[in-house]
Amino acid sequence: MSAKNQTKMQVPLLNLRAQYKSMKNEIGSAIQKILDNQSFILGPEVQALENEVARYCGTRYAVGVASGTDALFLSLKAMSIGDGDEVITTPFTFIATGGAIHNTGARPVFADIDPRTFNIDPSKIKERITKKTKALMPVHLYGLMADMDAINAVAKEADLKVIEDNAQGIGATYKGKVAGSMSDAGCISFFPGKNLGSYGDAGMVVTDDEKLAKRIKVIRVHGSTSKYIHETIGYNSRLDNLQAAILLVKLKYLDGWTRKRQENAAYYNANLKGLPLITTPHVPEHRAHVYHQYTIRVARVRNGLMDHLNEHGIEARIYYPIPLHLQECFKQLGYKKGDFPEAERAMDEALSLPVDSELSSEQKEYIVATIREFFSK
Ligand SMILES: *Cc1c(COP(=O)(O)O)cnc(C)c1O
């Protein structure tokens, strides 16, 4: 099939409107119920969502907070990580990972990625550990879990906490264990564009640690243990009942959506095979990828291919165009270009294609045909 003979199709990276249409009535009545009750903050829907998400992730506790960023920040705070401490993470992630560490007063320390998975390379962590290191914060980038066994082994040896930035990996697995359940705290984002997205901001921490769960519950609501009793100064990072009610509806569909994402990924894998400059995502054995993003590597001609796709109505995007160690806001950390060669190569080669559950067969065929047309020129 030649893309030239087709009419131009519009393919958004994410089609939330179509997803909403498929459950409009259910969402509507969930919202209506909250409006009828006029109870908006940390109510029964939040509790129900915490129970459901804990069950889904296979953890004993879940604590709803205002965003994924806050899930990271409050986890660190609840572990008393702050001024003078260091937390090791990946430079190839969304800014919030490093920002949450920085905002506690701790210093983000980066370790380069494994080029095959885009995730932090466990073998690069050890050399970054100092006396100040308190925790490791792997990110399950694009929906593929980081090498948690290797990361946990390093943490155990050095007596460090581990916090999973699971903003992108809800439902992903590693040797049968669910993302978020393989560390001291798993931090989920329900940002609208994530695989399980709310209709505003929301987040959650999942954990098996009862003390940690309790501490986060206290600091998410001004450090209050009961009304107007404050042992510590906390924050306002509460989860809305409206968001929780919407998420309770959407959670039932999550596995179905994930399967569609995986089918879309399998289609790309099969149909992009044999194109010389493209590397399709690598999924190590015993891991299930949930494809928050379907991200290929394109050697040398990535920007040309992206422009070609964009010109043909296909929303292909770069996640992430600047790794954290090269961001202006982290200049004071003293990193420079060349410090993390694999993160920098990923920044030049990564390209995410539309992969969400609402993608049609025609759209997938059109995307593959448009990519093939670029390489036939
Ligand atoms: C989205 C995201 C966050 C932040 O989540 P918010 O809910 O937007 O605050 C953190 N880390 C990563 C890797 C993300 O993709």
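So the values come out like this:
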| item | result |
| --- | --- |
| Segment 93-105: number of residues that are more than 18 Å from the chain's Cα centre (by Cα) and within 16 Å of the ligand (Cβ to nearest atom) | 3 |
| Condition met for K131 (on the phi < 0 side of the Ramachandran plot, free of Cβ contacts under 8 Å to residues at least 40 places away in the same chain and out of contact with any helix residue (DSSP H, G or I) (no Cβ under 9 Å at 6 or more places or on another chain)) | yes |
| Members of segment 7-59 found to be within 30 Å of L309 (Cα to Cα) and part of a loop (DSSP other than H, G, I, E, B), listed by number | T7, K8, M9, Q10, P12, L13, L14, N15, S22 |
| Any helices (runs of 4 or more DSSP H) falling wholly within segment 278-377 and containing at least 2 residues that are buried (at least 19 other Cβ atoms within 10 Å of the Cβ) and in contact with a Pro (Cβ under 9 Å, 6 or more places away or on another chain) | 341-349, 361-376 |
| Scope segment 107-133; condition touching a Leu at 6+ places or on another chain (Cβ under 8 Å), crowded, with 23+ Cβ neighbours inside 10 Å and in a loop (DSSP other than H, G, I, E, B); matching residues | F118, N119, I125 |
| Single residue of segment 232-253 satisfying the filter (within 20 Å of the chain's Cα centre (by Cα) and over 17 Å from A71 (Cβ atoms)) that is surrounded by the fewest Cβ atoms within 10 Å (Cβ to Cβ) | K252 |
| Near pairs, Cβ below 9 angstrom, 6+ apart or cross-chain, from segment 290-308 (within 16 Å of the ligand (Cβ to nearest atom)) to any residue that is basic (K, R) | V290/R261; Y291/R261; H292/K194; H292/R261; Q293/R317; Y294/R261 |
| Failed criterion for Y268 (all others in (1) assigned to a helix (DSSP H, G or I); (2) under 24 Å from Y56 (Cα atoms); (3) aromatic (F, W, Y) hold) | (2) |
| Members of segment 78-92 that are touching a residue at least 40 places away in the same chain (Cβ under 8 Å) and away from the ligand (no atom under 15 Å from the Cβ) | A78, M79, I81, G84, D85, E86, I88 |
| Considering residues of segment 60-74 that are part of a helix (DSSP H, G or I) and within 8 Å of the ligand (Cβ to nearest atom) only, the residue farthest from Y199 (Cα to Cα) | L72 |
| Counted residues, segment 271-322 - those being of a type in the set (S, T, Y) and at positive phi | 1 |
| Selection from segment 139-155 of residues that are among the β-branched types (V, I, T) and more than 20 Å from G171 (Cβ to Cβ) | V154 |
| Residue list for segment 134-144, filter: within 16 Å of the ligand (Cβ to nearest atom), surrounded by fewer than 24 Cβ atoms within 10 Å (Cβ to Cβ) and not aromatic (F, W, Y) | A135 |
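We did not get these values from a lab; they are worked out from the coordinates using the rules stated. Computed from a predicted structure; not experimentally measured. Don't worry about glycine lacking a Cβ; one is built from the backbone with ideal geometry, like all the others, and counts go over all protein chains shown.
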